[in-house]
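Visitor: First the structure, then my questions, so here it is.
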Amino acid sequence: MTAFRAAVLEHFRHPRNRGPVDGATVSIDGANPLCGDRIRVQLRVAEGRIAAVGFTADACALCIAAASVLTEHVRGMSTTDVAAVDGAWINNALGGEPPRGRERCALLPLDTLRRAIAQSLDAAP
Amino acid sequence: MSSIGLIDPRDPALAGEPAVVLATLVAATGSTSKKVGAKMIVAQSGRLLGGVTIGGCVDAQVIEAADALVARGGRRLLSISLDDDEAWEIGLTCGGTVEVMLERVEANRGDDVVASAHGFAGDALARGAAAVLVTPVDGAPAAFVVCDDGAHFGSLGAAAIDDAATGLVAGVLASSSRVETIGDRRYFFDRIAPPTTLVIVGAGQIAMSLTRMARELEMRTIVVDGRERYATRERFPDADELCVGMPSEIVANIPSTKRVAVALVAHDYKYELPILRRLLREPVGYIGMLGSKKRGVAMRDILRDEGFTDDELARVHTPIGLDIGGRSAAEVALSILAEIVAVRSGKRA
């Protein structure tokens, strides 16, 4: 088994930050319309930082693994610094690139997180 | 008349009918072709309403008796013995007796005891509750309705009788309609339960066949998928509801009762695992999952590692459906529905 596959399975079986966030200040749903992956990313943003982050998903192992490593990474980060996180970071965190045609699965959590942060910034006083 | 035999004053078929006779099969010995609770309506105009009949020779005698009753009023218990020839014709293999309760009902009169009880039971069904409608099988009219959500209506004439009837309701709800004796009088306990709700997860070909066939079985169907292009009205003209979103959340928001059957036919673990996590400890009547035995073992292993017990995991029927050797989507759908009916009727665990 490759390191990538082992990492995906480990995060799929034991996902970090799965579940709703108490006192979430923003909640955004994302979907891959053709494969049917569905995810909800919730944040509690305080003083420009991600105080808490969680996700709920009916999604494939790759999507859940990506959400798991991503939420671990951004917790405590300033919302502006999250802009530096990209697909390459996720690939690196999982130890490899997703199989051809599965890139959207790995990117769905990041895309949804970015939209959540954008909404949070829009709502900021 | 509703599909499960309730008189509904709003039914267009009752318009212009000042009175009808409701005929209910309340008891039968031998192997009847219809189950106890089967109903037929004979209208004053001579029309027969509804699609439920009681069977060949019995029908004729019921209609004749009903014609007399609808004119003069009242109620009676019709006991019909069947000799061997008649028994053969209606499917009784060794003769027997049927008892049919006949009641004259004025559906549009607010003070009609039976019509009012039917209206109350109909309202219970509409909110998802099951009800038992209790009536004396002969003598003066009375009706008492007890719902599984605690609501009740009407009376059998004395608090002690109502209490005794209430004590019998749970047993009827758990099994089927039947006659019970309270004191020296016989009462018919008519079990009126909402239709089975079939939740279909995965809006593919099997789901399309399921919705078509489930309609014939008077099941309510809810099709669930995360993909908007699959769960469309064009593909599912017979579905009662189409739900697109996060499937596990949609399923979790459907009240869990024994009358809910869930067919996981997406063949995709990303839906099945989250849904099973939510359902395995809920009192739904049936859970089936498409897939091979090997796939079923793998899914159970994952869930067992998460703390689900073998008893909980054994609730999942996988491979889904009775083994009838089918391969096409329609044949698989048929086998799934057959299994749901078998589980519902207690023929299969």
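Visitor: Taking H placed 1.01 Å from N in the peptide plane, check which residues at least 5 places from A:Ala59 or on another chain put their amide H under 5 Å from its amide H.
Guide: A:Arg38
Visitor: What is the mean number of Cβ atoms from other protein chains located within 10 Å of the Cβ atom of each residue in peptide A:94-103, rounded to a whole number?
Guide: That average works out to 0.
Visitor: Express as a percent, rounded to the nearest 5, the fraction of DSSP beta bridges in the protein assembly as shown (both residues included) that run antiparallel. Each step should come with its number before you reach the end.
Guide: On the way: 58 of 79 bridges.
Looking only at bridges with both residues in the protein assembly as shown, the antiparallel portion is about 75 percent.
Visitor: How high is the relative contact order of chain B, given as a whole-number percent (alpha carbon pairs under 8 Å, six or more residues apart)? Let's see the in-between values first.
Guide: Numbers: 689 pairs, mean separation 37.9, N = 349.
Relative contact order of chain B: 11 percent.
Visitor: If you don't mind, another one. Calculate one ³J(HN,Hα) per residue across segment B:12-21 by plugging θ = phi - 60° into the Karplus curve 6.51 cos²θ - 1.76 cosθ + 1.60, and present them in order as whole Hz with x for glycine and proline.
Guide: Values, residue by residue: x, 5, 8, 4, x, 10, x, 8, 9, 10 Hz.
Visitor: Short version: ³J(HN,Hα) in whole Hz for each residue of segment A:101-118, in order, from phi by Karplus 6.51 cos²θ - 1.76 cosθ + 1.60 (θ = phi - 60°), x for Gly and Pro, what are they?
Guide: My calculation for segment A:101-118 gives x, 10, 4, 4, 4, 6, 8, 4, x, 5, 4, 5, 4, 4, 5, 5, 5, 4 Hz in order.
Visitor: Let me ask you something else. Which cross-chain or sequence-distant (5 or more) residues have an amide H under 5 Å from the amide H of B:Ala38, H modelled 1.01 Å from N in plane?
Guide: Answer set, sorted by chain and number: B:Leu25.
Visitor: With equal scatterers on the alpha carbons only and no solvent term, can you work out the Debye log10 of I(q)/I(0) for segment B:265-349 at 0.11 1/Å?
Guide: -0.29
Visitor: Within 10 Å of each Cβ of B:222-229, how many other protein chain Cβ atoms are there on average? Please list the in-between numbers first.
Guide: Details: counts 0, 0, 0, 2, 9, 8, 4, 3.
For peptide B:222-229, the averaged partner shielding equals 3.
Visitor: Okay, moving on. Roughly how far apart, in whole Å, are the Cα centres of segment B:123-194 and segment B:289-311?
Guide: When both Cα centres are located, 42 Å separates them.
Visitor: Starting with the highest mean, order A:106-119, B:322-335 by the number of other Cβ atoms within 10 Å, averaged over the residues of each peptide.
Guide: On the way: A:106-119: 20.6, B:322-335: 14.9.
Highest-to-lowest ranking by the protection proxy: A:106-119, B:322-335.
Visitor: Once phi is turned into θ = phi - 60°, what whole-Hz ³J(HN,Hα) does the Karplus curve with 6.51, -1.76 and 1.60 give for every residue of segment B:220-232, x standing for Gly and Pro?
Guide: Calculated HN-Hα couplings, in order: 8, 10, 10, 9, 10, 7, x, 10, 5, 6, 8, 7, 10 Hz.
Visitor: Using modelled backbone amide H atoms (1.01 Å from N, in-plane), which distant-in-sequence or interchain residues come within less than 5 Å of B:Gly96's amide H?
Guide: HN-HN under 5 Å from B:Gly96: B:Leu82.
Visitor: Hey, another quick one. What does the structure give for A:55-62 when I average, per residue, the other chain Cβ atoms found within 10 Å of the residue Cβ?
Guide: Working: counts 0, 4, 4, 18, 5, 3, 3, 1.
For peptide A:55-62, the averaged partner shielding equals 5.
Taken together, the values in this text are just the output of simple stated rules run on the coordinates, not laboratory data. Bear in mind the structure is a predicted one, so any value in this text is a computation, not a measurement. Note that each Cβ is placed from the backbone with ideal geometry, even for glycine, and that neighbours are counted across all protein chains shown.
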